[in-house]
1. Assess whether Asp47 counts as being among the acidic types (Asp, Glu), more than 31 Å from the chain's Cα centre (by Cα) and part of a strand (DSSP E or B).
2. Can we say Leu92 is farther than 20 Å from Val30 by Cα and open to solvent by less than 30 Å² (accessible area, probe 1.4 Å)?
3. Please give the number of the condition Trp60 fails out of (1) open to solvent by 70 Å² or more (accessible area, probe 1.4 Å); (2) out of contact with any Phe, Trp or Tyr (no Cβ under 9 Å at 6 or more places or on another chain); (3) assigned by the TED database to the domain that holds Ala159.
4. Which of the following residues is within 24 Å of Val49 (Cβ to Cβ) and in contact (Cβ under 8 Å) with a residue 12 or more places away in the chain: Val131, Val99, Val78, Val88?
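The values are calculated or read from the model by the stated rules, or taken from the named source; none is laboratory data. The model shown is predicted, which means the values in this text are computed figures rather than measured ones. Here the Cβ positions follow ideal geometry from the backbone for every residue, glycine too, while neighbour counts run over all protein chains shown. What goes into the accessible areas is simple: the full protein's heavy atoms, side chains included, and nothing from ligands, DNA or RNA. Shrake-Rupley method; radii C 1.70, N 1.55, O 1.52, S 1.80 Å.
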Amino acid sequence: MAAKVFESIGKFGLALAVAGGVVNSALYNVDAGHRAVIFDRFRGVQDIVVGEGTHFLIPWVQKPIIFDCRSRPRNVPVITGSKDLQNVNITLRILFRPVASQLPRIFTSIGEDYDERVLPSITTEILKSVVARFDAGELITQRELVSRQVSDDLTERAATFGLILDDVSLTHLTFGKEFTEAVEAKQVAQQEKDAAVTQDQMIASLPFLLCSASLFGHALQIDVLLLAEQQKKAAIISAEGDSKAAELIANSLTTAGDGLIELRKLEAAEDIAYQLSRSRNITYLPTGQSVLLQLPQ
């Protein structure tokens, strides 16, 4: 009895494992930002694009091919020539993604590695076509225009393969060694030319500078002479004033006698008394009283 029970449990477990394996092989997941294309062994690639989530398929008959539909970056370096036959090294950075509705056609005509097969070839083609319209100088001064032209042409060309370009930008732009050396030599020659022109202008303006310096020195000499003359006149006027004042004082003494001198003494005494009255260290003693110090009256 127990043997039959264990045998039944073993058969049930085996059946359950087989059923679980079949169900597991019949399920597949599509992650976020991805899409799936179904390949049928009997009907080929189906036109239906499967979205995100868990889905069923027929085991051993159908196979899911998962595509990443998110934007991905890719750098494409290209060596091409400008309008004036200068070698140009350009690196183009592209953000691309496939058109979800065209994934069956992309898988059928190009394959899963569509970016490796399409982007380098069309990028090289468009870059050579656009760069050939500009010379080396314009590629530097009109870089924004070049980038916009490349973006427009490349977006239009990629759309024919079912690709969307979210961003196209020039990240690197250099020229050949010969062109770089020629530019440096031109800059050196221009600097030497500017230095020569500056030197010639200085030589040409030298007579004017000498003349200006001479005129300035002459004017300075005149100003010194005028100042000395003014100082001389001021000294003469001051001496004449002192002489006149002495003459007036002598006449006053002759006319008034010693009265003028007494007046000056009184004025001086009044000024001294005023100054002493403001000092705290001065003591006034009344007259007519005996004190230790006998002051003349």
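1. yes
2. Details: farther than 20 Å from Val30 by Cα: yes; open to solvent by less than 30 Å² (accessible area, probe 1.4 Å): yes.
It is true that Leu92 is farther than 20 Å from Val30 by Cα and open to solvent by less than 30 Å² (accessible area, probe 1.4 Å).
3. For Trp60, the exception is condition (3).
4. After ruling out the rest, the residue left standing is Val99.
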